[in-house]
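S.K.: Okay, here's the structure, questions in a sec.
The values are calculated or read from the model by the stated rules, or taken from the named source; none is laboratory data. Worth saying up front: this structure is predicted, and the values here are computed from it rather than measured. Cβ atoms come from the backbone with ideal geometry, glycine included; neighbour counts cover every protein chain shown. We work out accessible area using only protein heavy atoms, side chains counted, and drop any ligands, DNA or RNA first. Shrake-Rupley method; radii C 1.70, N 1.55, O 1.52, S 1.80 Å.
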Amino acid sequence: MRTIFFTALLLMFFNAQASAQDCPDFFRFVDFGLRAADGTVHRGGPTYRAEGFDGQALLIRELTICRQVRELAVDGRGNPIPVVTSIDYDPEKTGIDLMELRLEAVDDIASETERNASGHRARLEQPNIVTTQGSNYLCASFEGSDSFSCQLVSPFGGNLALVVHCTRSACRMPVLAVKDNIAAAASWRPSEAAMKHPGAWASEIADRVRQVHGFLAPLSS
């Protein structure tokens with residue numbers, strides 16, 4: 001009896017996992033869903049294009065995670081608009097020279113951004129720290145270190161923290177608040193020219209963040 005019960009639990013678990021990623025065969029838009037008072041998620045949240053304005057597919061399909069909801073919206077051509085928890089844009093389709101660009105639904109965007117910013121703020125309080133400041137960024141690195149962190153003014157507005165962390169091999173932006181419940185994550189390789197001077201590194205980070213905004217903003221509705 002115990003074996004039957006355990007097997008049933010396993011089947012329920014794997015069925016739930018499969019249904020969470022059971023996306024339609026074709027879609028042009030995705031919906032990040034709207035959470036009701038009882039915690040259930042329905043259609044009607046922020047919508048993003050899954051294809052460019054030229055009809056070219058933008059997403060890495062196998063990394064798109066869909067929710068199971070009772071009824072999906074459809075676009076103007078009758079194609080379903082799946083409700084998703086996360087999507088990954090194909091870096092080559094962004095035109096920004098990225099390694100990764102992901103959008104993900106989050107429960108508490110303020111907590112996510114503050115958690116990401118805490119290490120940078122602690123670094124600013126340490127001795128032997130070198131700071132680089134501009135009109136829209138404050139960067140910090142330990143003297144002689146190859147790691148670098150910058151807090152920037154978000155191109156999406158608002159007062160939520162935006163911090164990018166860099167080493168010589170990669171820059172990572174773990175949390176960029178793009179909506180009340182949607183965070184973007186991106187990574188890229190810093191250029192050789194940027195790594196030669198803190199000011200150039202900071203300027204390149206700020207420019208890359210602006211480019212991410214420039215790619216995402218037109219795709220949202």
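S.K.: Limited to region 164-221, what total is found for residues that are part of a strand (DSSP E or B), under 18 Å from Ser149 (Cβ atoms) and of a type in the set (S, T, N, Q)?
M.R.: The qualifying residues number 1.
S.K.: Here's a follow-up. Could you check region 181-204 and list, in sequence order, the residues that are closer than 13 Å to Leu103 by Cβ and not small (Gly, Ala, Ser)?
M.R.: Asn181, Ile182
S.K.: Right, another one. Residues to consider are Arg61, Arg77, Arg121; find the one that is closer than 22 Å to Gly158 by Cβ and out of contact with any Ser or Thr (no Cβ under 9 Å at 6 or more places or on another chain).
M.R.: The match here is Arg121.
S.K.: Just one of Gln21, Gln17 is surrounded by 15 or more Cβ atoms within 10 Å (Cβ to Cβ), modelled with pLDDT under 80 and not acidic (Asp, Glu); which is it? Outline the logic, then answer.
M.R.: Numbers: Gln17 fails: surrounded by 15 or more Cβ atoms within 10 Å (Cβ to Cβ).
Matching residue, one of Gln21, Gln17: Gln21.
S.K.: Which of the residues spanning region 141-157 are out of contact with any His (no Cβ under 9 Å at 6 or more places or on another chain) and assigned to a loop (DSSP other than H, G, I, E, B)? Step through it out loud before you land on a result.
M.R.: Applying the first criterion (out of contact with any His (no Cβ under 9 Å at 6 or more places or on another chain)) to region 141-157 yields 141-146, 152-153, 157.
Scanning region 141-157 gives Glu143, Gly144, Ser145, Asp146, Val153, Gly157.
S.K.: Based on what the data block shows, is Arg43 within 14 Å of Pro80 (Cβ to Cβ), open to solvent by 80 Å² or more (accessible area, probe 1.4 Å), basic (Lys, Arg) and at pLDDT 50 or above?
M.R.: For Arg43, the condition - within 14 Å of Pro80 (Cβ to Cβ), open to solvent by 80 Å² or more (accessible area, probe 1.4 Å), basic (Lys, Arg) and at pLDDT 50 or above - is met.
S.K.: Further question on the same structure: One residue is enough: does region 31-38 have a residue meeting the conditions modelled with pLDDT of 95 or more and at negative phi? Step through it out loud before you land on a result.
M.R.: Step one: of region 31-38, the residues modelled with pLDDT of 95 or more are 31-32.
Then keep just the ones that are at negative phi; that gives 31-32.
Looking through region 31-38, at least one residue is modelled with pLDDT of 95 or more and at negative phi.
S.K.: Can you find a residue in region 104-127 that is part of a loop (DSSP other than H, G, I, E, B) and on the phi > 0 side of the Ramachandran plot?
M.R.: Of all residues in region 104-127, those part of a loop (DSSP other than H, G, I, E, B) come to 106-108, 125-127.
Still in the list and also on the phi > 0 side of the Ramachandran plot: none.
No; the residues of region 104-127 include none that is part of a loop (DSSP other than H, G, I, E, B) and on the phi > 0 side of the Ramachandran plot.
S.K.: Sticking with this structure for a sec: For region 172-207, name all the residues that are touching an Asp or Glu at 6+ places or on another chain (Cβ under 9 Å), modelled with pLDDT under 95 and surrounded by 18 or more Cβ atoms within 10 Å (Cβ to Cβ).
M.R.: Asn181, Pro190, Ala194
S.K.: Being surrounded by 14 or more Cβ atoms within 10 Å (Cβ to Cβ), modelled with pLDDT of 90 or more and part of a strand (DSSP E or B) narrows it down to one of Leu160, Leu138, Leu98, so name that one.
M.R.: Among Leu160, Leu138, Leu98, only Leu138 is surrounded by 14 or more Cβ atoms within 10 Å (Cβ to Cβ), modelled with pLDDT of 90 or more and part of a strand (DSSP E or B).
S.K.: Going through region 52-85 one residue at a time, which ones are under 17 Å from the mean Cα position of the chain (by Cα) and open to solvent by 20 Å² or more (accessible area, probe 1.4 Å)?
M.R.: From region 52-85, those under 17 Å from the mean Cα position of the chain (by Cα) are 58-66, 83-85; that's our starting set.
Hits for region 52-85 are Leu59, Ile60, Arg61, Glu62, Leu63, Ile65, Thr85.
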